[in-house]
Amino acid sequence: MNKIWLVSLAAVFLSCQPKEETTTIWRHQKTLQLDSINPIGIAEANGNLWLSDGDHNRLVKIAPDGKILKTIDSLDRPMHIAVIDSTLFVPEYGKDAISIFGHKGRSQLLLNDSLDAPAGVSVYGSERAIADFYNNRILYTGGGDGGWISFGKEGKAEGEFYYPTDVQITQDKIWVADAYNNRVQVFDKKGKFLQMMGQDQKMNAATGIHVTEKEVFVTDFENDRVLVFDRQGNLKQEISEDIAKPTDILVMDDTLYVLNYRRGSISTFHRTKK
């Protein structure tokens, strides 16, 4: 009887042990050469990719195979874009404005403030955030009647920026690519500094950021690589294969897309077991 009891106890004990998480890495899959596009920003809408082509002052919608499906012209240096419900939010760096393209045509995001070269925009439900490049700050609104808040100033201390280029809102945080401080900074939705990552990786121009449930991706522009962190800021992987002057990244359907600005291409990576 005691033997049966011990075996049962052992089975219960083993079943309660935490399962080891399978270690995965991103491996190069293919590189897609683009047709006269120098991509800066990327966003997904209904299975297709939108790219901002700042050198040609336009947006380009492409199919997964790179075929151009649609263009939107007459923009002024579009940068890191965002999409929600098929509506495009486009920071026009040269126009100091955020343009919106939806079912009703083109409009502008209304602000009681002045932008100076907006480099990135993020949308999350009714929330909006803008990386205001030359003003070295982030503008954020939770929607409704709450209005906009502004946080940050030029500097190297926690909560200060040196030309922020991209921003992403998640459920409870705001993530910022603090480009020329060569790091990522994380804030709550009142603009309070929470954490910093990447400052020890010798980055040179952290230009783009993409945050998933478990990972944070940062483009290290001058070093021709993408750094992958967990959400606590621990470095998981350095990706450099077939990457040249990366500006932005996106994860869609378990595929990582990396924009190569200088080469005019997109490198794709697939998650595999290590």
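Quick check on segment 21-34. Is at least one of its residues under 30 Å from Gly143 (Cβ atoms), surrounded by fewer than 14 Cβ atoms within 10 Å (Cβ to Cβ) and free of Cβ contacts under 8 Å to residues at least 60 places away in the same chain?
The first filter runs over segment 21-34 and keeps only residues under 30 Å from Gly143 (Cβ atoms), leaving none.
Within segment 21-34, not a single residue is under 30 Å from Gly143 (Cβ atoms), surrounded by fewer than 14 Cβ atoms within 10 Å (Cβ to Cβ) and free of Cβ contacts under 8 Å to residues at least 60 places away in the same chain.
When Thr207 is tested against (1) surrounded by 14 or more Cβ atoms within 10 Å (Cβ to Cβ); (2) more than 11 Å from the chain's Cα centre (by Cα), just one condition goes unmet, and that condition is (2). Are there any pairs, at least 6 apart or on different chains, whose C-beta atoms fall under 6 Å, with the first in segment 111-137 and closer than 18 Å to Val186 by Cβ and the second at pLDDT 95 or above and of a type in the set (D, E, K, R), and if so, which? Note: pairs meeting the criteria are Gly120/Asp166; Ala131/Asp166; Asn136/Lys153; Asn136/Glu154.
Considering every residue within segment 195-204, establish whether at least one is touching a strand residue (DSSP E or B) at 6+ places or on another chain (Cβ under 8 Å), of a type in the set (A, V, I, L, M), assigned to a loop (DSSP other than H, G, I, E, B) and surrounded by fewer than 19 Cβ atoms within 10 Å (Cβ to Cβ). Scanning segment 195-204, I find no residue that is touching a strand residue (DSSP E or B) at 6+ places or on another chain (Cβ under 8 Å), of a type in the set (A, V, I, L, M), assigned to a loop (DSSP other than H, G, I, E, B) and surrounded by fewer than 19 Cβ atoms within 10 Å (Cβ to Cβ), so the answer is no.
Residue pairs whose Cβ atoms lie under 8 Å apart, sitting 6 or more positions apart in sequence or on different chains, and linking a residue in segment 223-236 that is in contact (Cβ under 8 Å) with a residue 12 or more places away in the chain and farther than 17 Å from Leu250 by Cβ to a partner that is acidic (Asp, Glu) and open to solvent by less than 60 Å² (accessible area, probe 1.4 Å), are Asp230/Glu215; Arg231/Glu215; Lys236/Glu215; Lys236/Asp230. Within segment 243-254, the set of residues being surrounded by fewer than 17 Cβ atoms within 10 Å (Cβ to Cβ) and charged (D, E, K, R) comprises Asp253, Asp254.
On inspection, Phe217 does not qualify as of a type in the set (Phe, Trp, Tyr), surrounded by 19 or more Cβ atoms within 10 Å (Cβ to Cβ), touching a Phe, Trp or Tyr at 6+ places or on another chain (Cβ under 6 Å) and in a strand (DSSP E or B).
Only a single criterion out of (1) crowded, with 18+ Cβ neighbours inside 10 Å; (2) part of a strand (DSSP E or B); (3) out of contact with any helix residue (DSSP H, G or I) (no Cβ under 6 Å at 6 or more places or on another chain) is not satisfied by Ser150, namely (1).
Selection of first residues in segment 141-153 that are within 22 Å of Thr165 (Cα to Cα) and of second residues that are open to solvent by 40 Å² or more (accessible area, probe 1.4 Å) and among the hydroxyl-bearing types (Ser, Thr, Tyr), restricted to Cβ pairs under 8 Å at least 6 apart or on distinct chains, gives the following pairs, ordered by first then second residue: Gly142/Ser126. Within segment 38-89, being among the charged types (D, E, K, R), without any contact (Cβ under 8 Å) to a residue 40 or more places away in the chain and in a strand (DSSP E or B) holds for Asp53, Arg58, Lys61, Lys70.
The values are calculated or read from the model by the stated rules, or taken from the named source; none is laboratory data. As the structure is a computational prediction, the values presented were derived from the model and not from experiment. Glycine gets a Cβ as well: all are built from the backbone with ideal geometry, and neighbour counts include every protein chain shown. Quick note on the areas: whole protein, heavy atoms, side chains included, nothing else; ligands and nucleic acids left out. Shrake-Rupley method; radii C 1.70, N 1.55, O 1.52, S 1.80 Å.
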